[in-house]
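Trainee: Please find one structure pasted underneath; my questions will follow.
The values are calculated or read from the model by the stated rules, or taken from the named source; none is laboratory data. This structure is a prediction, so every number in the text was calculated from the model and none was measured. So basically every Cβ, Gly included, is an ideal-geometry build from the backbone, and we count neighbours across all protein chains shown. Ligands, DNA and RNA are stripped out before the accessible areas are found, and what is left, the full protein with its side chains, is counted by its heavy atoms. Shrake-Rupley method; radii C 1.70, N 1.55, O 1.52, S 1.80 Å.
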Amino acid sequence: MTVESTAARKTRRSAGTKSAASASTTGTKSAASKRTGAAAKKSPGATGGEPELIQLLTPEGERVQDATYDPYIADITSEDLRGLYRDMVLSRRFDAEATSLQRQGELGLWASMLGQEAAQIGSGRATRDDDYVFPTYREHGVAWCRGVDPTNLLGMFRGVNNGGWDPNSNNFHLYTIVIGSQTLHATGYAMGVAKDGADSAVIAYFGDGASSQGDVLEAFNFGAVYNAPVVFFCQNNQWAISEPTERQMRVPLYQRAQGFGFPGVRVDGNDVLASLAVTRWALERARSGEGPTLVEAFTYRMGAHTTSDDPTKYRADEEREAWEAKDPILRLRTYLEAANHADEAFFAELEAESETLGKRVRDAVRAMPDPDSLAIFEHAYADGHALVDEERAQFAAYQASFVDEGGN
């Protein structure tokens, strides 16, 4: 498997002041007037007007200037740029291997992040070690940035553990399957951080579909009222399983923050530099006591919602192909090559590293034990139940019927 997808081949900290924050809030004209080139482009497919789209790297791989957010990546070196590219390539390779393993019957389910690498790597690399991250179940790139062994992510999807890592080891919470509930957990944690007087922030990830959940809106309200140091990071991949965003909301998603009294901003989620800069800005606001921010990373889910989903039933191939042309990995590679930030030796070494990672992931999963199929009957009732006992016995007998006389 090559480093890039087929689709790809086809085609600090600064001031952190309230003035920077206000220049970036919803509907602010001053920030727009400072932006030049593609940074002032309007986001496609938006409803309720033409909102700004913060962009520092165009789909063609051209660097554009932004007076508000450039200072937040002023410290980025050539080595850092290569590191961001490496993060995206290796996290995509891991994601592809996990998808293949599910198709081969090694995992029960997998939620791919294909196409969302820039939003995850950019925001993940913006966090500090003492920040706390609350993910959903698709933040494989963020987990990579937080130092979680990618093979630990697979145990839950194989059914052999309930998470696979200690959340406090990396300040990265366990994956949350219940849609949107982690935003409440994040807000409560952030309120505790504020009471403790700690110089850290919290970031909560969720999707566009989850933004319609009551838990998320309640988290917005609590975060605003208590001025909690939390960043709400929404990856708007435009499809809540089979429902497009225009069926969920009448205004651009980031504008919802207005109703709760805190800033919202829309960033090009396929631009790793913009995702990094905007998230740094939002986290710095949180740490300096300015409260929550809603970051909407406008991106696209190029694969299925999960491996149990068939996206061809509800979206057009032309739409997917248009977004494949905006591939975040190809975008950064084009910039690296054009600006002489990387040479062919770097890409060749990364290709080899990608192959090594793929083999490590496959070997690790196949070395995992088979899930205990009878465990589903445990803890169904606190004190046991006769019907559950009967069902367990019936299922055990059914499984035993597949064992031949040789014990196989």
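Trainee: Summing Lys, Arg as +1 and Asp, Glu as -1, what charge do residues with Cβ under 12 Å from the Cβ of residue 169 carry, residue 169 excluded?
Mentor: After counting each charged neighbour, the total is -2.
Trainee: If you average the sequence gap of Cα pairs under 8 Å that are 6 or more apart and divide by the length of the range 239-378, what percent do you get for the contact order? Intermediate results must be reported in sequence, preceding the final value.
Mentor: Numbers: 89 pairs, mean separation 27.8, N = 140.
Worked out over the range 239-378, it gives 20 percent.
Trainee: Right, something else. What does DSSP give for the chain in terms of the percent of beta bridges that are antiparallel, rounded to the nearest 5? Before the final figure, lay out each step's value.
Mentor: Details: 4 of 26 bridges.
If we restrict to bridges inside the chain, about 15 percent are antiparallel.
Trainee: Multiply the residue separation of residue 166 and residue 318 by 0.36 nm, subtract the distance between their alpha-carbon atoms, and state the gained length in nm to one decimal. All intermediate terms of the calculation are to be shown ahead of the outcome.
Mentor: Values: separation 152, 0.36 × 152 = 54.72 nm, distance 4.22 nm.
So the chain would gain 50.5 nm between residue 166 and residue 318.
Trainee: For the range 242-377, what is the convex hull volume of the alpha-carbon atoms per residue, in Å³? Intermediate results must be reported in sequence, preceding the final value.
Mentor: Numbers: hull volume 32.3 nm³, N = 136.
Hull volume over Cα atoms, normalised by residue count, gives 238 Å³.
Trainee: Would you calculate the convex hull of the Cα atoms in the range 127-236 and tell me its volume per residue in Å³? Before the final figure, lay out each step's value.
Mentor: Working: hull volume 10.1 nm³, N = 110.
Looking at the range 127-236, the number lands at 91 Å³ per residue.
Trainee: Could you do me a favour and compute the accessible area per residue for the range 71-206, 1.4 Å probe, result in Å²?
Mentor: Details: 4520 Å² over 136 residues.
Here the per-residue accessible area is 33 Å².
Trainee: Here's another thing I want to ask about it. With +1 on the Cβ of every Lys and Arg and -1 on the Cβ of every Asp and Glu, and nothing else charged, how large is the dipole of the chain about its Cα centre, in debye rounded to the nearest 20? Provide the component values of the computation, followed by the final result.
Mentor: On the way: 41 positive and 58 negative charges, 320 e Å.
Here the size comes out at about 1540 debye.
Trainee: Which of the peptides 201-209, 152-160 is most tightly packed, and how do the rest follow, judged by the mean count of other Cβ atoms within 10 Å per residue? Walk me through the numbers before you get to the answer.
Mentor: Working: 201-209: 26.7, 152-160: 19.8.
Output ranking for 201-209, 152-160: 201-209, 152-160.
Trainee: Would you mind putting 308-319, 114-125 in packing order, based on average other-beta-carbon counts within 10 Å, highest first? Please report the intermediate quantities before stating the final value.
Mentor: Numbers: 308-319: 11.8, 114-125: 28.5.
For the peptides 308-319, 114-125, the packing ranking is 114-125, 308-319.
Trainee: May I ask for log10 I(q)/I(0) of the chain at q = 0.07, 0.11, 0.14 Å⁻¹, from a Debye sum over the Cα atoms as equal point scatterers with solvent left out?
Mentor: The Cα Debye sum returns log10 ratios of -0.34, -0.81, -1.27.
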